[in-house]
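The values are calculated or read from the model by the stated rules, or taken from the named source; none is laboratory data. Predicted model, so just to flag it, every value in this text is computed and none were measured. Here the Cβ positions follow ideal geometry from the backbone for every residue, glycine too, while neighbour counts run over all protein chains shown.
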Amino acid sequence: MINLDGALFSVETPLFTVSNRAFRYGDSLFESIRVFEGEMPFFERHWQRLRAGMEVLKFEIPVHFSSAFFQHEISKLTENQGNWRIRLTVFRSGGGLYTPERNVPEFLIEASPLDSSRFDMNPTGLTLGIFEEIRLTPNVFSPFKTGNALPNVLAAIFKKEKKCDDCLLLNITGRIACGNSSNVFLVKNGSLTTPPLTEGCVAGTMRSIVSDLCKGLKINILEKPVLPEDLVKADEVFLTNAIQGIRWVRGVEGVAGVFGNETSGRIFTALQTEVFRFFEK
């Protein structure tokens, strides 16, 4: 089932016409949210980013839109149990050409089952490629997950053709911005470096969680531009996103050396503990 504006429909039900603005213009935002045994420990971070994105897109946010409201709407699909990957999409309603007829958002919620009730650290390190065909342009939309994701689509085709596990995307200056569906961190001498949001990366919820965990672990973390040649100097590289948590990288094509996972392993353990603490409350 899917949830469209509070009503449940079968996934096979035709719902939209060709005037839908998400289809025509990518006039939409989305969040990918992980559910653990019916609970969403990090939902508030998703809601804050989604609300900020709606403000940037000039949506007229309904008064009833809130963290509690969307958690309730998601529960219509999950029944507050099980492990799920949720996609929550909001899109501008009505038709119009570039000029919208109105700015009120509608929402669509999809739920896909997951096998595990916990994050699982990858036992084998990832191999990354570097996607250079399209460079990201940092702008006011960069921190949000919008319906315009063509660079990510082409990057995904690239990694499939190259038989890589994932790939890194560069911005227009040639610096590393992010992974294809993740934020990227480099580790050197136990300290972390990650590109700032001004480099064109998404303001990832797991990125912010890792930053908070590092404070508790007394691990230094610095936001600064990252060049491809900085990979050669790194002890570790890892990727983060809301669904997979933390994934460590073994190597990057064209970069000599093999990365470890000692520091990323420490942060991963702290992440698991954070999830467990939520259930103890």
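If the condition is being hydrophobic (A, V, I, L, M, F, W, C) and assigned to a loop (DSSP other than H, G, I, E, B), then the stretch 45-60 contributes Leu57, Phe59. The set of residues in the stretch 1-44 that are over 13 Å from Gln71 (Cβ atoms) and in a helix (DSSP H, G or I) comprises Arg21, Ala22, Phe23, Arg24, Tyr25. Confirm whether Arg92 is in contact with a strand residue (DSSP E or B) (Cβ under 6 Å, 6 or more places away or on another chain), farther than 30 Å from Asn261 by Cα and basic (Lys, Arg). Spelling it out, Arg92 is indeed in contact with a strand residue (DSSP E or B) (Cβ under 6 Å, 6 or more places away or on another chain), farther than 30 Å from Asn261 by Cα and basic (Lys, Arg).
Could you give me the residue pairs with C-beta distances under 7 Å whose first residue belongs to the stretch 261-281 and is more than 17 Å from Thr194 (Cα to Cα), whose second residue is at pLDDT below 95 and among the basic types (Lys, Arg) wherever it lies, and which are 6+ apart or on separate chains? From residues that are more than 17 Å from Thr194 (Cα to Cα), the pairs are Gln272/Arg118; Val275/Arg118. Only one of the listed residues (Ala52, Ala68) is surrounded by fewer than 17 Cβ atoms within 10 Å (Cβ to Cβ), among the small types (Gly, Ala, Ser) and under 20 Å from Ala22 (Cβ atoms). That residue is Ala52. Residues in the stretch 33-48 that are more than 20 Å from Leu108 (Cβ to Cβ) and either outside the structural domain of Arg85 (by TED's automatic domain parsing) or in contact (Cβ under 8 Å) with a residue 40 or more places away in the chain (or both): Phe36, Glu37, Gly38, Glu39, Pro41, Phe42, Arg45. Just one of the listed residues (Val258, Val237) is β-branched (Val, Ile, Thr) and modelled with pLDDT under 95, and it is Val258. Part of a strand (DSSP E or B) and surrounded by fewer than 23 Cβ atoms within 10 Å (Cβ to Cβ), is that true of Thr269? Against the criterion (part of a strand (DSSP E or B) and surrounded by fewer than 23 Cβ atoms within 10 Å (Cβ to Cβ)), Thr269 does not qualify. Residues that are part of a strand (DSSP E or B) and within 20 Å of Leu169 (Cβ to Cβ) were ranked within the stretch 214-244; the one that is nearest to the chain's Cα centre (by Cα) is Asn241.
Taken over the stretch 100-113, residues that are of a type in the set (A, V, I, L, M, F, W, C) and loosely packed, with under 15 Cβ neighbours inside 10 Å amount to 1. The condition of being surrounded by 12 or more Cβ atoms within 10 Å (Cβ to Cβ), free of Cβ contacts under 8 Å to residues at least 60 places away in the same chain and either under 18 Å from the mean Cα position of the chain (by Cα) or on the phi > 0 side of the Ramachandran plot (or both) holds for only one of Leu29, Leu88, that being Leu88.
Within the stretch 238-264, restricting attention to residues that are of a type in the set (D, E, K, R) and closer than 30 Å to Phe36 by Cα, the residue that is surrounded by the fewest Cβ atoms within 10 Å (Cβ to Cβ) is Glu262.
If only residues of the stretch 156-174 that are touching a strand residue (DSSP E or B) at 6+ places or on another chain (Cβ under 7 Å) and under 13 Å from Gly200 (Cβ atoms) are counted, the one that is surrounded by the most Cβ atoms within 10 Å (Cβ to Cβ) is Leu168.
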